[in-house]
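Novice: First the structure, which I've put down as structure tokens, then a few questions once you've had a look.
What follows is calculated from the coordinates using simple rules that are stated; it is not laboratory data. Just so it is clear, the structure is predicted and the values come from calculations on it, not from any experiment. Glycine also receives a Cβ, built like all others from the backbone with ideal geometry; neighbour counts cover every protein chain displayed.
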Amino acid sequence: MAKSVINVDGMACEHCVKAITNAVGALSGVSGVSVDLAAKTVTVDHDPEQASVDKIKAEIEDQGYDII
């Protein structure tokens with residue numbers, strides 16, 4: 001398992017937290033998602049062979065947020 005911290009812009013409320021948590025959490029190989037609105041980060045525990053960082057970033061962008 002790997003732990004990746006991704007900087008994300010555009011998150012402002014609990015809806016944002018739920019949207020990202022649900023979308024990223026549904027990816028195969030992801031075992032945990034934590035969103036920190038104040039720090040503008042998403043921390044993901046994942047199997048890099050099933051859920052690469054690029055795949056996770058793409059899922060966050062698909063939800064309407066920007067990777068910074």
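Novice: Tell me, which residue of the stretch 1-20 that is in a strand (DSSP E or B) and either free of Cβ contacts under 8 Å to residues at least 24 places away in the same chain or not hydroxyl-bearing (Ser, Thr, Tyr) (or both) is farthest from ASP45 (Cα to Cα)?
Specialist: ASP9
Novice: Quick one: would you say GLU49 is loosely packed, with under 15 Cβ neighbours inside 10 Å and within 11 Å of the chain's Cα centre (by Cα)? First the steps, then the outcome.
Specialist: Working: loosely packed, with under 15 Cβ neighbours inside 10 Å: yes; within 11 Å of the chain's Cα centre (by Cα): no.
No.
Novice: Any residue in the stretch 21-35 that is touching a residue at least 40 places away in the same chain (Cβ under 8 Å) and touching a strand residue (DSSP E or B) at 6+ places or on another chain (Cβ under 6 Å)?
Specialist: no
Novice: Taking the stretch 36-46, which residues are surrounded by 11 or more Cβ atoms within 10 Å (Cβ to Cβ) and either touching a residue at least 40 places away in the same chain (Cβ under 8 Å) or of a type in the set (A, V, I, L, M) (or both)?
Specialist: LEU37, ALA39, VAL42, THR43, VAL44, ASP45, HIS46 - these are the residues of the stretch 36-46 that are surrounded by 11 or more Cβ atoms within 10 Å (Cβ to Cβ) and either touching a residue at least 40 places away in the same chain (Cβ under 8 Å) or of a type in the set (A, V, I, L, M) (or both).
Novice: Mind telling me which of the residues GLY32, GLY64 ends up being part of a strand (DSSP E or B), in contact with a helix residue (DSSP H, G or I) (Cβ under 9 Å, 6 or more places away or on another chain) and either surrounded by fewer than 15 Cβ atoms within 10 Å (Cβ to Cβ) or charged (D, E, K, R) (or both)?
Specialist: Selected residue: GLY32, the only one of GLY32, GLY64 that is part of a strand (DSSP E or B), in contact with a helix residue (DSSP H, G or I) (Cβ under 9 Å, 6 or more places away or on another chain) and either surrounded by fewer than 15 Cβ atoms within 10 Å (Cβ to Cβ) or charged (D, E, K, R) (or both).
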